[in-house]
Amino acid sequence: MVNKKISKMLGPVLGIMGFMLTIGVLEIPVSANDNVQANSVYCEGANFTDCKYYSININKTVVQNGFKVTLDKVTATKHKLKVIVKVESEKPFDKEKYENSIVQVTFGENCCNGGGKSSEYINDNTLLITIDEDSDEEEYPEKGELRVDVVFPTYKVNVGIDANVDFSESFKNTMEKEVSAKIPEFDFTLNKLQSDIWGTRIVYSGYRRDYSERENDPAESRYSSMILKIGDRMYKTRAAGSHSSGNGGNDRLITGIYEAEAATYERIKDAKDISIIPVVCDMSSDEANKIYEDNQKNGYNEKRNVNKETTNNVNYIKVFKFSDGSKGEIYNIERNDNTVKVYCKGNSEKESLLMASNMFAYYNIGEDKLGYNNIYDSSRHMSFYKDSSDDLGYVVELNNVEKDKVLEIDFESMISKIDRYKIGDAIQVSR
């Protein structure tokens, strides 16, 4: 047992990768220092065979003041770290008191760029905490000692758990490719392609403009995106953060990341034809917000819900209207076990590609049960490709769909403003 305050414990860690959330009252910690070498590989989403998440089962527990804190599973690649902590209470959680808490992970040296934390109450007495860490420029070690510190000041709980970890299995499934390609629509340069068990990351660099220029820059629009094409299959990427260097002003170099979680190492490792398709929307945030407000006032969603059709336990709107008077459509839906295929097209390649890349899904479980239970993780499980039997058609493939749930399919409403979008030329990354 190590008896020292967490504030003192954190001092030597300043040069080590650490992740800290809310600061609270500090108590004397209890540590579990037994070394654990976990060799088993846990694969989430087993039905989604191309996307494997290798988790080391730690299962180390410390009990203190009526709380059982377990370091459950950890997963890492060269640039990402995920830690799952389970907290079980003898009495139901007071969710407001939980907010004043600390959860910290330490692993590796000099590679801390920050991450995020999510929490989910499995039931009234069980809390699952997931910590996601990213290290953009430097790499996590393949093996070593990992530590998790958990503090609930209100409940006088302060525990630390150490474990030796070996991520050799997940590190094997990693690919990095240096690239140098200009994307004129976004005014930046592609520098690197990183692919692992969590997807593919596109690392780019460019110069940050001042706020007034960025506000009206199409590349800064939240509706602009990049499509990653690997062979015949495509994945929509999402902006996954950026950081800048320099002394401020307009000449700061920024390095950022776009990420396609569904494009895992297994799907990209043998690919010989990789390209990126820029999609640019010139709509400002103010314009977009005004459109959403008007849609809400005019009952846009309610009107669309009335017109929904159902096929194979999938609810959808068959016709999608564009502002220029043209119409797109969903013309077929297939559902087989855990896979749903949605066939869609517009009157042009531009309309068809926008529909396929801006489709989203969620589970219909009733208005009174909305929350985590109705989420379908499209960023991790959705891809799309051309329909070989229709020149304008696309097939959007949703994997890892729960069999017994009704699925709702819809499109990002903003793409109806078809004249505000531009599809750029494909940028070849490798051939």
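The values are calculated or read from the model by the stated rules, or taken from the named source; none is laboratory data. Note that the structure is a prediction, hence the values are computed from the model and not measured. Using ideal geometry, Cβ is built from the backbone for each residue, glycine included, and neighbour counts are taken over all protein chains shown.
Please go through segment 270-326 and pick out each residue that is under 30 Å from SER180 (Cα atoms) and polar (S, T, N, Q). Within segment 270-326, SER275, SER284 meet the criteria. Count of segment 385-415 residues, restricted to those that are buried (at least 18 other Cβ atoms within 10 Å of the Cβ) and either of a type in the set (S, T, N, Q) or on the phi > 0 side of the Ramachandran plot (or both), is 2. Got a sec? Which of GLU293, GLU302, GLU261, GLU309 is touching a helix residue (DSSP H, G or I) at 6+ places or on another chain (Cβ under 9 Å) and closer than 30 Å to GLU329 by Cβ? The unique qualifying residue is GLU261.
Within segment 247-291, which residues are of a type in the set (Ser, Thr, Tyr) and without any contact (Cβ under 8 Å) to a residue 40 or more places away in the chain? Hits for segment 247-291: nothing passes. When segment 324-344 is filtered for residues that are within 27 Å of the chain's Cα centre (by Cα), in a strand (DSSP E or B) and not β-branched (Val, Ile, Thr), the ones remaining, listed by number, are GLU334, ARG335, ASN336, LYS341, TYR343, CYS344.
Close contacts from segment 316-344, counting a first residue that is touching a residue at least 60 places away in the same chain (Cβ under 8 Å) and on the phi > 0 side of the Ramachandran plot and a second that is surrounded by 14 or more Cβ atoms within 10 Å (Cβ to Cβ) and assigned to a loop (DSSP other than H, G, I, E, B), with Cβ to Cβ under 9 Å and a gap of 6+ residues or different chains, come to ASP337/ASN47; ASP337/VAL401.
Does segment 22-38 include one or more residues that are over 15 Å from VAL159 (Cβ atoms) and either under 22 Å from the mean Cα position of the chain (by Cα) or at pLDDT 80 or above (or both)?
no
Taking each residue of segment 63-79 that is assigned by TED's automatic domain parsing to the domain that holds ILE129 and looking for partners that are among the basic types (Lys, Arg) and outside any strand (DSSP E or B) with beta-carbon atoms closer than 9 Å, six or more apart or interchain, yields GLN64/LYS156; ASN65/LYS156; GLY66/LYS91.
Scanning segment 274-289 for residues that are of a type outside the set (S, T, N, Q) and either buried (at least 17 other Cβ atoms within 10 Å of the Cβ) or modelled with pLDDT of 90 or more (or both) yields ILE274, ILE276, ILE277, PRO278, VAL279, VAL280, CYS281, ASP282, MET283, ALA288. The residues of segment 116-145 that are within 20 Å of the chain's Cα centre (by Cα) and aliphatic (A, V, I, L, M), listed by number, are LEU128, ILE129, ILE131.
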